[in-house]
1. Using a 1.4 angstrom probe on heavy atoms only, work out the carbon and sulfur share of the accessible area of the chain in %.
2. With an 8 Å cut-off on Cα pairs and a minimum separation of 6 or more residues, tell me the relative contact order of region 92-184 in percent.
3. Using a cut-off of 9 Å between beta-carbons, work out the net charge of the residues near V131 (Lys and Arg +1, Asp and Glu -1, V131 not included).
4. Taking only Cα atoms of region 160-199, what ratio of Rg to Rh do you get with Rh as the Kirkwood inverse-distance radius?
5. Select from the chain the helices, each a whole stretch of DSSP H, whose alpha-carbon atoms run 24 Å or more along the helix axis and whose Kyte-Doolittle mean is at least 1.6; answer none if there are none.
6. Under a Cβ-only charge scheme (Lys and Arg +1, Asp and Glu -1), can you give me the dipole magnitude of region 159-290 about the Cα centre, in debye to the nearest 20?
7. Suppose we look only past 38 Å in the calculated P(r) of the chain. What percent of the Cα-Cα pairs does that tail hold?
8. I need the calculated FRET efficiency for the pair N221 and S70, taking r as the beta carbon distance and R₀ as 45 Å, to the nearest 0.05.
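The values are calculated or read from the model by the stated rules, or taken from the named source; none is laboratory data. Note that the structure is predicted; figures quoted are calculated from it, not measured. Glycine gets a Cβ as well: all are built from the backbone with ideal geometry, and neighbour counts include every protein chain shown. Just so you know, the surface numbers come from the protein's heavy atoms only, side chains and all, with ligands and any DNA or RNA stripped out. Shrake-Rupley method; radii C 1.70, N 1.55, O 1.52, S 1.80 Å.
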Amino acid sequence: MNIRIFGAALAAVLVAATLFAMPPAEARAWRDDLRFMASEMERTHKNLYHAVSREEFETMVAALDAKIPSMERHEVIVEMAKIVAAVGDGHTNIYPTRDRKIAFRTLPVAFTFFGDDLYIRAAHESQRSLVGARVLRIGDRGITDAYSAVKMMIGRENEQGARYWGQYLLGMPEVLHALRLTRTIDDVPLTVVTSGGQENVILHPFAAVQIMTGDTATLFNRRDRWIDVRDRSGRPDPLWLSHVGDVFHFEHVGNLLYVQVNTVGDTTDETLAHFAQRLHDEIASTKPEKVAIDLRLNRGGNGTLITPFIRAIIQSESIDRKNRLFAIIGPATFSAAQMFADALEKYTNVTFVGEPTGSKGNAYGDSRQIILPNSGMTVRAAAYYWQDWHPLDQRDAIVPQVLAPLTFDAYRSNIDPALAAIERVLSQSLVAESGT
C-alpha cells in the first residue's frame, strides 16, 4: 500500500475513534459499574455458572472492560445485557422495558411475532399506512438474522421466552445500532410488505420506551392515538383481550365457564384464594360442561398463592376430568404462571391448549435487583432454584396437547384460536361418548 494513502487512512480512523471515544471520566464510571455488576451477580445469583463457565463469563467481562473507552453509552449497555443474558435463565437480565435509567427509545410502530413472521401489529396514527405490514428486513438484515442478534441480549429458558422479548428489542433504535443492524440511531430502514406491495421506509426514534410494571403481559394493550390491526376487524375484542386490566375474573359463554388469571396475586378487594372459592361455588351451582383457565397474559407473581386455586379445581369433580378442564397457555406464560401450569399438570386432569409456555418447571427464579452505582441501571439475578418437575425432566416448556397458535389472520380478525380449539375438542368428545 502507498505509505501516503496508508497514513491518510490511519489518520481518518484515529479521528473517527476520537470523535466517538467516551470521555475518560464516563469510561471509568462504566468500567466500575461493569466490575460491580460482575461481582454482585456472583454474590446474588443462586448458581451463576449453571449455563456459562466462570472462565467464559470472566472473559466476556474483561473483553468489554477493554473496549468501553472506545464505545458509546448505548453500545456499552447492550454489551452488558449480552453478558447478563449469557447466564442462561429468564430471571437474570437487563431489560430496557423495565428500567427508566436505560432511557432507550422506540419506533412509532409495534412489532409482533406471529409464528416466524414479524408484523407491524400496531402503529402511531402518523404511520397508519404501515399497520398490518409484514416486515422483511430491518436495515440490511433479514428478520431471522435480526432476531438472532437481539436474542443474545435476552435472559431466557426457551425460544418462546426469547421471542416474547425480542419483538420489543427490535423496535429500539439504540439496540439496532449497537448490534450493527442499522448504520445510525436516527434512521431505521425497513423493508415491508403492505397491501400495496413491497415498500422501503425509514422510521425515526419516536418516544421513550414504555416501562412495564406488574405481572401481566401488556403487549396487546391499546395505546392512545395508536391503531391496532384488530381495530379494523369490525368485531368485538375476543374474551382474552377484553379484561386485560383485571387480575382475575370469570364469565359464562354458552356451556363454557371462562376463567382468566392475568397475575398470580391478590387484589386490594379480593385474594386469589377467595376468588378460587367463588369459582368452586360457581362450578357447583351452574354445572358448566367445561372450564377454561386462561394464563396467556400471566407473567407471574407470587407462586405461594397457587394452592387454594388448585384445591378448588380438584374438589370440582364434575370438571376435573379429561376434555372438561382446559388451560390456555402461551409464550407470555412465565414465572409463577409457569408454576400455576405445572401444578395443574401435576394434580389435575387438565388439557393444555394454545402454544408452549415461555418458561419451564425446573428453573432459576425470584429476581433480586442489583443497582449499579454510577449509571443507576438495574441488573436482575435469580436468587432461587425451583424444581416443579422431576429432576431428569429435560423439557424446556409445557407443550399443549392441543396446539392452537395465535396466527396473524386470527388476531386481526379478533378470533381466538384457543377457544375455537376447545369447542372442537368438546364436540369430538361428546360424539365419542354418544357412540355416534
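1. Values: 10280 of 19830 Å².
Looking at the chain in its full context, I get 52 percent from C and S.
2. Details: 116 pairs, mean separation 27.2, N = 93.
Relative contact order, region 92-184: 29 percent.
3. Values: positive: R121, R128, R232; negative: D228, D231.
Here the charged neighbours net out to +1.
4. On the way: Rg = 12.3 Å, Rh = 11.5 Å.
My calculation puts Rg/Rh at 1.07.
5. 3-20
6. Working: 12 positive and 18 negative charges, 96 e Å.
Dipole size: approximately 460 debye.
7. Values: 27485 of 94830 pairs.
Tail fraction, whole percent: 29.
8. Details: r = 40 Å, r/R0 = 0.89.
Efficiency at R0 = 45 Å is approximately 0.65.
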